[in-house]
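Please read the structure below before turning to the comments.
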Protein chains: 6
Amino acid sequence: MEKKILYINPLHTDVFDIPYRDLLNSAKDPGTVVDVISFKGVGPTHLQYNTYNAMIMPELINQVQKAEASGYDAAVIGCFYDPGLRACREVAERMAIIGPSEASLHLAATLGENFSIIVSERKCIPEMKENVHKYGFIEKLASFESVEIKVHDFQKDHEETKRRIRAAALNAIQNKGSDVIVLGCTAEFGFYEELQEELRVPVIDPGLASFKYAEYLVELKKRFNWTHSKLIGYQSPAAEEMNKWGVFS
Amino acid sequence: MEKKILYINPLHTDVFDIPYRDLLNSAKDPGTVVDVISFKGVGPTHLQYNTYNAMIMPELINQVQKAEASGYDAAVIGCFYDPGLRACREVAERMAIIGPSEASLHLAATLGENFSIIVSERKCIPEMKENVHKYGFIEKLASFESVEIKVHDFQKDHEETKRRIRAAALNAIQNKGSDVIVLGCTAEFGFYEELQEELRVPVIDPGLASFKYAEYLVELKKRFNWTHSKLIGYQSPAAEEMNKWGVFS
Amino acid sequence: MEKKILYINPLHTDVFDIPYRDLLNSAKDPGTVVDVISFKGVGPTHLQYNTYNAMIMPELINQVQKAEASGYDAAVIGCFYDPGLRACREVAERMAIIGPSEASLHLAATLGENFSIIVSERKCIPEMKENVHKYGFIEKLASFESVEIKVHDFQKDHEETKRRIRAAALNAIQNKGSDVIVLGCTAEFGFYEELQEELRVPVIDPGLASFKYAEYLVELKKRFNWTHSKLIGYQSPAAEEMNKWGVFS
Amino acid sequence: MEKKILYINPLHTDVFDIPYRDLLNSAKDPGTVVDVISFKGVGPTHLQYNTYNAMIMPELINQVQKAEASGYDAAVIGCFYDPGLRACREVAERMAIIGPSEASLHLAATLGENFSIIVSERKCIPEMKENVHKYGFIEKLASFESVEIKVHDFQKDHEETKRRIRAAALNAIQNKGSDVIVLGCTAEFGFYEELQEELRVPVIDPGLASFKYAEYLVELKKRFNWTHSKLIGYQSPAAEEMNKWGVFS
Amino acid sequence: MEKKILYINPLHTDVFDIPYRDLLNSAKDPGTVVDVISFKGVGPTHLQYNTYNAMIMPELINQVQKAEASGYDAAVIGCFYDPGLRACREVAERMAIIGPSEASLHLAATLGENFSIIVSERKCIPEMKENVHKYGFIEKLASFESVEIKVHDFQKDHEETKRRIRAAALNAIQNKGSDVIVLGCTAEFGFYEELQEELRVPVIDPGLASFKYAEYLVELKKRFNWTHSKLIGYQSPAAEEMNKWGVFS
Amino acid sequence: MEKKILYINPLHTDVFDIPYRDLLNSAKDPGTVVDVISFKGVGPTHLQYNTYNAMIMPELINQVQKAEASGYDAAVIGCFYDPGLRACREVAERMAIIGPSEASLHLAATLGENFSIIVSERKCIPEMKENVHKYGFIEKLASFESVEIKVHDFQKDHEETKRRIRAAALNAIQNKGSDVIVLGCTAEFGFYEELQEELRVPVIDPGLASFKYAEYLVELKKRFNWTHSKLIGYQSPAAEEMNKWGVFS
């Protein structure tokens, strides 16, 4: 089945584009075409602060609308805060919209009893915890563990990053009752495999998890027409209104 | 990717075997092989009562163990109570184990804001509500709606069944704030498509939802080795002990 | 005590500016100076959809930063979705940031046992319910009642609007156990007083509630230096980074 | 008042039968007759795994049905997982069915503010936590503490067992805010008295708690006809159907 | 076993004393001695308002202290608000203290899936709901139903009272999913039996339920020394301090 | 605006009267008149035990009624347990009634993500936790921290008190994720300012917080007639009945 998926790095930097394109291509279904984009021009290159999430909203919505016009079946919003998830689902009339946090947590909740989320900085925790609650998994959340590594530093010194994630994960497993580890930042790619083998519990990579969830939702859409309900919360604004107000310019 | 999936109708009747085999074959990935089995001999032909769930447990576990020995990648427990989910996940060392309720509710929670579950009889509600809570979705549950149709009567008079499900679903949508409908019995197959078109909200068929979730989990297992955590809750009993106690005989 | 407060109508229309300026001036402390602004140029004139919330985010943040630079002590985000509350609290180093929903619900929770929120359209409910939960009051929420009046129609036919709000409030009081009514849209101004007298329960006007809460928080800031904690969730991004990324341009 | 109570050790071993018979006889009301049974033949001798719970289900239900036919007033399911509680309540038309966890937690919640449960192994925690939630006491649960002693080892070295339970209980009391201790395995008998005296908080023995709760429920049944509601969740299957399907053979 | 129990009608009227003495004597264990008292002098004759609960507190505590000094094993606080439960448990060093709401709800939660509470007036609901939550049963609460009968009118016109309770209970059973009915006022005595037979679900009389729970707790105290934990929440004030401050005068 | 506020130290000691009068006068609005009273005669001088809360109830209600008769606009119940809050709101027909806990927690929930409460003794925690839940903030509660200082010892050795509060607060901030500190006893006055400067998070003084909340609620009452709803939970008893039963004598 052909599935056309857009992975949006909602950042004004393309440093993650090629690694992500390679990562997703290595993991895709045969029939899937995946593209990776990021934002042009000057703007936030990470979304650690809600301020930066807010700043990139119009461009994110714009890209989602363009993606639908270009025939994509799904778009992944490539940040573990799942920024703009509801807005993007409103704008998309047909596409599935996927957030890495939603996809990873649903999976973690199926695979184990309690999960821990390894975040980059303590700053992330309150907002991410709101998402854990919103998705339904607050009682399965064993802990957040912060490694105090900035988003753009995860890939700088792989051994140091791995060392810190491992220590955080071990703490979660041994002291918090966790039996699944979720990597809580899309910049934490490249680590899950080795850690998982070592820790002997599932270690969820949010980029991969969201991409495969996109393929899964596209398949359900194409086969059964199961897709985001447009009745209440994900209802689309009137096209005329959106055009008048320049939503897509 | 080759995926070998067993759909277990955990009932002592084969009346659903052929319809389900056809249903799942019509919905499978090209690489998937799906088999459908039910239980031989005399025993419960429906699981409306927890008593009957209890009665079929040993045979269910037995079949799950056999399935793993036969090389299946996943087994679906074909009843919306998800009977024996934890026990089967303990027994399976490698297979993914899927319950229709867990699969359907995860999907419903992603597709909309609030869902309603259309059950066969009021008797089902308390236990199913415990499952909704266990999976994390109690705050997204708009309502249970009972159509007061017995399990083996869903397929008797299609028009009457459809009429009752439609009425229940409309009540949920108009009065309870629901924007996704979940059919809460695996015997409610053959209805989702028409109702969905009419109601203009997703109508989740639990047999299809659980089967596709099985394919999805198998893919994640094969690609990333993400599978049920064996550390705590789904830890397997010692093989020696199981053998000694005749778990698989 | 001098309190300088900015009420931001985060809309690309000034139709509410004068009525709100008059409303707030009629309710202010002697020492308070209140200004009301809205956004220039073409853009959303209501925020019923999350898409529109997303669109106005950069301008909202921009205005908050300008307000702080201009010496305001507090800014009210004039929409009952409380859009961008966390982002604005990050950006503001000294100002109090107030959302009408947060202010109204805190008040309602103190004044009565259970409150109902009268919203403009059913579309609003899921996101507003997330806020009710986030602020802590989900167990005090008796119901949402929708009057199905669009934001810019509340002020069109006062009698009809009043008639619908009254009917919704009566339903909440008589059938849902509610003893406080919250008007769930900042465009529902001009109605609370008459309804309150008639219904004999508090009817909270969210514009007034948020403005007075702003005065209250400013006073606490000036007297005791009690203000938004900058330690974790409301931590500010680095000024240099914000400047580089054009947050305030 | 005559009360005829059956304590079922749902295990294929009789090692606990005599100690339990003695234990319960030492604690019974004058009018009570208590019998203790276990299961014949080869099968699980402990229920640490859900798999083993599943295996013993048919025999458990069978015994419950026989007990009712023999005139017992109540049956206790002698395992802290409360296996098959709902199924047994369905099957029993007149008897009270008691689980040690339900009985112990109700009591603990009345006697103190927060309780801790001392379990044999970490493996038990997720499922037992589901029960704590189901019975309503999740907010009173201070902690689970695992002593990592296997079920059949509790009675091997009394001093060592006591040492570990004491250490776990002290941790719960001093660091988790617990003021009641619940022994979370029916094989932890023989310890409560000494520990309670030493720790100066109630230490609940689940075997005794469930047996006395059985006497209490029998009395309520005989005096006021208060017994399990047969309207919804504990409704009995039709006798004809159960017979046809060999539930009791 | 000898059990000496004091049932306190915490009201400044003795109109309920004789009916209650008769009621409890008809339901007691052979070894139980039960006394019923009420308060002398002028004061509240019902506790519908929290104000009246507050007014009778000192006398209630006084009587509890006297009861303990007189050798009672338990005291029941005869009002469904369970007024002063914590204070009385602090004061009592040895006695069990029982509230009708706590006793009835624990029982209802064991006997069925969901219960409804039939209260005298809507005024009662918010505070009683806080108790339902405190005891752990908020998720099992199907509904409150108010019959709008004042406390001293329940016994005036038995047929009218029965008619209203029956209507309220039927509404709860048919429309709210309730399978157990709790009579939510100790003045609703004399009705449970007939209604229960008619409605075919357990109907809990709170006076009887609390009295039998008292006998049960006394037995547990006498046999196993299981009693209210004095470590944290029910810790007693220093006797010297209480004497100095005239707690018992 | 003139605001006449009574701060009630509900204790039979006047040792806190003058410090509180000075404290509140230093923090009042220009138009506010604040009086501070305590109780005469022999009785509890602290309310650490619920028993003592119960003992002072009649006098508290009496004073509230007198305050209303004397023209006060609000009364603060000066104890962090918020004793008698509902009863006082029933009795007051016009006045706002404020509890320090309610006022402090509402504020803390607005200022930060998670708060910790520094209490005097472990004994306080269970009841205070019930209040945290009742007000809606249980999910924002990071921890209780006990300094094990008795109420009348907080002001004995300022340095030692400060040292213990600081240590408790640091533990909360560094290990529990707290970003706001609430001082959980009205006798902990005189400490917030220095600690706040040092810890760099808001430190809420409950006496000040409740007093300013009183001013705020009075203003809302006078301007908008927003006041405690008298419809259900805070409904007043009939004056005649109160008079007959000597509520105010």
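Looking at the range C:46-53, can you tell me whether even one residue there is without any contact (Cβ under 8 Å) to a residue 12 or more places away in the chain and either within 21 Å of C:LEU208 (Cα to Cα) or not hydrophobic (A, V, I, L, M, F, W, C) (or both)? Looking for residues that are without any contact (Cβ under 8 Å) to a residue 12 or more places away in the chain and either within 21 Å of C:LEU208 (Cα to Cα) or not hydrophobic (A, V, I, L, M, F, W, C) (or both), one finds at least one in the range C:46-53, hence yes. Condition check for D:VAL182 on (1) open to solvent by less than 10 Å² (accessible area, probe 1.4 Å); (2) touching a residue at least 24 places away in the same chain (Cβ under 8 Å); (3) part of a loop (DSSP other than H, G, I, E, B): one failure, at (3). Scanning the range E:5-29 for residues that are β-branched (Val, Ile, Thr) and either open to solvent by less than 30 Å² (accessible area, probe 1.4 Å) or farther than 14 Å from E:GLY190 by Cα (or both) yields E:ILE5, E:ILE8, E:THR13, E:VAL15. Can you find even one residue in the range D:58-74 that is under 20 Å from A:GLU113 (Cβ atoms) and modelled with pLDDT of 95 or more? So far as the range D:58-74 goes, no, none of its residues is under 20 Å from A:GLU113 (Cβ atoms) and modelled with pLDDT of 95 or more.
Against the condition more than 30 Å from B:ASN171 (Cα to Cα), more than 18 Å from the chain's Cα centre (by Cα), within 9 Å of chain D (Cβ to nearest Cβ) and open to solvent by less than 10 Å² (accessible area, probe 1.4 Å), how does E:LEU220 come out, does it pass? Criteria met by E:LEU220.
Search the range F:177-186 for residues being closer than 14 Å to C:LEU231 by Cβ and hydrophobic (A, V, I, L, M, F, W, C), and hand back the single one that is nearest to the other protein chains (Cβ to nearest Cβ).
Here the residue is F:VAL180.
Please go through the range E:3-37 and give me each residue that is among the aliphatic types (A, V, I, L, M) and either within 23 Å of E:GLY71 (Cβ to Cβ) or out of contact with any His (no Cβ under 8 Å at 6 or more places or on another chain) (or both), ordered by number. E:ILE5, E:LEU6, E:ILE8, E:ILE18, E:LEU23, E:LEU24, E:ALA27, E:VAL33, E:VAL34, E:VAL36, E:ILE37, listed by residue number. For B:VAL42, the test of being under 16 Å from the mean Cα position of the chain (by Cα) and either farther than 25 Å from B:GLN155 by Cα or in contact (Cβ under 8 Å) with a residue 12 or more places away in the chain (or both) is failed. Among the residues of the range C:187-194, none qualifies, meaning not one is buried (at least 24 other Cβ atoms within 10 Å of the Cβ), within 28 Å of F:SER104 (Cα to Cα), touching a residue at least 60 places away in the same chain (Cβ under 8 Å) and more than 7 Å from every other protein chain (Cβ to nearest Cβ).
I'd like the residue in the range B:195-217 that is facing another protein chain (nearest Cβ under 7 Å) and among the hydrophobic types (A, V, I, L, M, F, W, C) and, out of all such residues, is surrounded by the most Cβ atoms within 10 Å (Cβ to Cβ). Only one residue tops the list, namely B:ILE204. Pairing residues of the range A:70-85 that are touching a residue at least 24 places away in the same chain (Cβ under 8 Å) and under 18 Å from A:LEU208 (Cβ atoms) with residues that are assigned to a loop (DSSP other than H, G, I, E, B) and of a type in the set (Val, Ile, Thr), at Cβ distances under 9 Å and at least 6 apart in sequence or on separate chains, gives A:GLY78/A:THR186; A:CYS79/A:THR186; A:PHE80/A:THR186.
Here the condition is being touching a helix residue (DSSP H, G or I) at 6+ places or on another chain (Cβ under 9 Å), of a type outside the set (Lys, Arg) and within 25 Å of D:GLY31 (Cβ to Cβ); of E:ALA87, E:ALA74, it holds for E:ALA74 alone. Which count do you get for residues in the range C:27-67 that are more than 17 Å from C:VAL15 (Cα to Cα) and of a type outside the set (A, V, I, L, M)? Going through the range C:27-67 one residue at a time, the tally reaches 16. Of the candidates A:GLU160, A:GLU127, the single residue that is modelled with pLDDT of 95 or more and over 15 Å from the mean Cα position of the chain (by Cα) is A:GLU160.
Among the residues making up the range C:82-122, those that are of a type in the set (Ser, Thr, Tyr) and either at pLDDT below 95 or in contact with a Pro (Cβ under 9 Å, 6 or more places away or on another chain) (or both) are C:SER101, C:SER104. Of all residues in the range D:91-120, those that are without any contact (Cβ under 8 Å) to a residue 60 or more places away in the chain have Cβ atoms under 6 Å from Cβ atoms of residues that are in a strand (DSSP E or B), 6 or more apart or on another chain, in D:MET95/D:ALA74; D:MET95/D:ALA75.
The residues in the range F:197-221 that are within 13 Å of F:PHE115 (Cβ to Cβ) and of a type outside the set (Gly, Ala, Ser) can be counted, and the count is 6. Would a scan of the range C:231-241 turn up a residue that is within 9 Å of another protein chain (Cβ to nearest Cβ), in a helix (DSSP H, G or I) and surrounded by 20 or more Cβ atoms within 10 Å (Cβ to Cβ)? No, the range C:231-241 contains no residue that is within 9 Å of another protein chain (Cβ to nearest Cβ), in a helix (DSSP H, G or I) and surrounded by 20 or more Cβ atoms within 10 Å (Cβ to Cβ).
Of everything listed in (1) more than 9 Å from chain A (Cβ to nearest Cβ); (2) outside any helix (DSSP H, G or I); (3) β-branched (Val, Ile, Thr), the single unmet condition for C:VAL42 is (1).
Might you let me know whether the range B:49-72 holds any residue that is under 13 Å from the mean Cα position of the chain (by Cα) and of a type outside the set (D, E, K, R)? Talk me through it step by step, then tell me what you get.
Narrowing the range B:49-72 to residues under 13 Å from the mean Cα position of the chain (by Cα): none.
No, the range B:49-72 contains no residue that is under 13 Å from the mean Cα position of the chain (by Cα) and of a type outside the set (D, E, K, R).
Kindly list the number of the only condition in (1) under 25 Å from B:SER249 (Cβ atoms); (2) free of Cβ contacts under 8 Å to residues at least 40 places away in the same chain; (3) among the charged types (D, E, K, R) that fails for D:ARG21. In the conditions (1) under 25 Å from B:SER249 (Cβ atoms); (2) free of Cβ contacts under 8 Å to residues at least 40 places away in the same chain; (3) among the charged types (D, E, K, R), D:ARG21 misses (1) alone.
The values are calculated or read from the model by the stated rules, or taken from the named source; none is laboratory data. This structure is a prediction, so every number in the text was calculated from the model and none was measured. Backbone-built Cβ (ideal geometry, glycine too); neighbour counts: all protein chains shown. Accessible surface areas use protein heavy atoms only, side chains included; no ligands, DNA or RNA. Shrake-Rupley method; radii C 1.70, N 1.55, O 1.52, S 1.80 Å.
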